[in-house]
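Colleague: Quick one: the structure is below, questions incoming.
The values are calculated or read from the model by the stated rules, or taken from the named source; none is laboratory data. Since this is a predicted model, take the numbers as computed values, not measurements. Please note: Cβ atoms are built from the backbone with ideal geometry, for glycine as well, and neighbour counts cover all protein chains shown. With ligands, DNA and RNA removed, areas are computed over all heavy atoms of the protein, side chains included. Shrake-Rupley method; radii C 1.70, N 1.55, O 1.52, S 1.80 Å.
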Amino acid sequence: MRYFRPVITTATGHQPSPYRSPNQSIIKLNSNENPYPPSPNVLKRLNTFDGEWLRRYPDPYSQEFCHAAAAALGIPSDWIIVGNGCDDLLNILMRACIDETRTVVYPTPTYSLYRTLAQICGAQIIEITYDTQFSLPLEKIVQADGALTLIASPNSPSGHQIPMAELRQLATTIQGLLVIDEAYVDFAEESALSLTQTHGNVLVLRTLSKGYSLAGLRFGFGIAQPALLADLFKVKDSYGVDAIANCAAAAAIADQTYKNQCVNQIKLDRQHLTLALRKLGFQVPPSHGNFVLATHPEAPRLHDALREHDIWVRHYPQAHLTNKLRITVGTPEQNQRLLQVLTNLL
């Protein structure tokens, strides 16, 4: 007996990074987690959390967070939809926009979950390969005419950011929904947020996992005009974000001073790490995320050897990425340890 749809049986599924307890003595630079703790205000808020809010269902619209985010970002609070991480929001978008007759389009290499979610929906998938310079294949994306177009900017694993002029042209030209995934935008110099004001077909995704050091909380949000969000609310779980996450996320996004201090340190260390890796013979293009993509002919060997020294970085099996390592920017001490081991290995 076949219990599941054929597309589920044949799908490969998304492969998250192996879990390791924070107590284990490894330097974990493979998941793009922020190396610094969340805002002290988050922990203070959790210490005063009233257990009564656990007895009740949480606010389905996360109004406390939405008001805090609106104040921090300068947007109306009713332009926000929240989810259990950006992955949850991507799932909502796929279910709302995609079926067997509709197409999802995105340039690749990029976040691998896009393909997994589209496969599960049985969608027609058009992947358009970036060139070696990671230039946006604008004309090909427009010609693909997707019901849903996904653009990660900054992108992972490349770290590049799409120029605003190209995103604006794309939003103006395509007929379907354009989702700009800004998971790493806190480490970049510009944002596409303003496009949501001028284009009703644009939704910008944000997360608290990277810049706000809350990957373990699972909290993401989308920004778009209310008319667009209205249909997404029909698809989202009524209580997709729990009460603890709502209050912690509100405290985190309200503390922009702390977040910016951590982000500025990471950007400085990103520059130092890039220069040091280049001196070791790696090719490292500029990155707009909290990671770098380092090219070296011995990348597979270095990946495995680093594991033996309890240093985890990311290596991809795809043919055009086999000579590359994606390395999260850690603390100065973690980065220095990484460089010391790489120096010995080379």
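Colleague: Rounding to the nearest 20 debye, state how big the charge dipole of the stretch 39-139 is about its Cα centre with +1 on each Lys and Arg Cβ and -1 on each Asp and Glu Cβ.
Modeller: 300
Colleague: Can you give me the % of accessible surface on the stretch 40-255 that is carbon or sulfur? Probe 1.4 Å, all protein chains present, nothing else counted.
Modeller: Carbon-and-sulfur percentage of accessible area, whole number: 50.
Colleague: Now, a different point. Within 12 Å, Cβ to Cβ, of residue 203, how many net charges do the neighbouring residues add up to if Lys/Arg are +1 and Asp/Glu are -1?
Modeller: -2
Colleague: What distance in nm separates the simple spin-label points at residue 305 and residue 235, each placed 7 Å from Cα in the Cβ direction?
Modeller: Roughly 4.6 nm, to one decimal.
Colleague: Taking the Cβ-Cβ separation of residue 12 and residue 78 as r and a Förster radius of 45 Å, what is the calculated FRET efficiency to the nearest 0.05?
Modeller: Computed FRET efficiency for residue 12 and residue 78 comes out at 0.75.
Colleague: Order these peptides, 198-211, 247-260, 273-286, by their mean beta-carbon neighbour count within 10 angstrom, highest first.
Modeller: 198-211, 247-260, 273-286
Colleague: Return the lysines within reach of residue 279: Cα separation strictly under 23 angstrom, same-chain partners fewer than 8 residues apart disregarded; answer none if there are no such residues.
Modeller: Filter leaves 28, 267, 324.
Colleague: Treat every Asp and Glu Cβ in the stretch 204-342 as -1 and every Lys and Arg Cβ as +1, leave all other atoms uncharged, and give the resulting dipole magnitude about the Cα centre to the nearest 20 debye.
Modeller: 340
Colleague: Considering only 156, 207, 222, whose Cα is most displaced toward the positive end of the charge dipole of the chain, charges sitting on Cβ of Lys, Arg (+1) and Asp, Glu (-1)?
Modeller: Of the options given, the answer is 156.
Colleague: Taking the dipole about the Cα centre of the chain, with the C-beta of Lys and Arg at +1 and of Asp and Glu at -1, give me whichever of 128, 260, 35 is farthest to the positive side.
Modeller: 35
Colleague: Give the percent of DSSP beta bridges with both residues in the chain that are antiparallel, rounded to the nearest 5.
Modeller: Rounded to the nearest five, the antiparallel share is 45 percent.
Colleague: On to the next question. Once every DSSP H run of n ≥ 4 in the chain is given -39500 (n - 2.57) and the sum is divided by its residues, what mean residue ellipticity at 222 nm do you get, rounded to the nearest 500 deg cm²/dmol?
Modeller: Using -39500 (n - 2.57) per qualifying helix, the result is -12000 deg cm²/dmol.
Colleague: Work from the charge dipole of the chain (Cβ charges, +1 for Lys and Arg, -1 for Asp and Glu, about the Cα centre) and give the residue of 8, 170, 77 farthest towards its positive end.
Modeller: Going by the charge dipole, the pick is 8.
Colleague: Placing +1 at every Lys and Arg Cβ and -1 at every Asp and Glu Cβ, with all other atoms neutral, what dipole size does the chain have around its Cα centre, in debye to the nearest 20?
Modeller: The dipole magnitude comes to about 640 debye.
Colleague: Keeping all protein chains in place, calculate the accessible area per residue for the stretch 40-255 (probe 1.4 angstrom), answer in Å².
Modeller: 42
Colleague: Longer than 21 Å from Cα to Cα, which of 210/259; 210/234; 140/236 are they? Say none if no pair is.
Modeller: Those over the limit are 210/234; 140/236.
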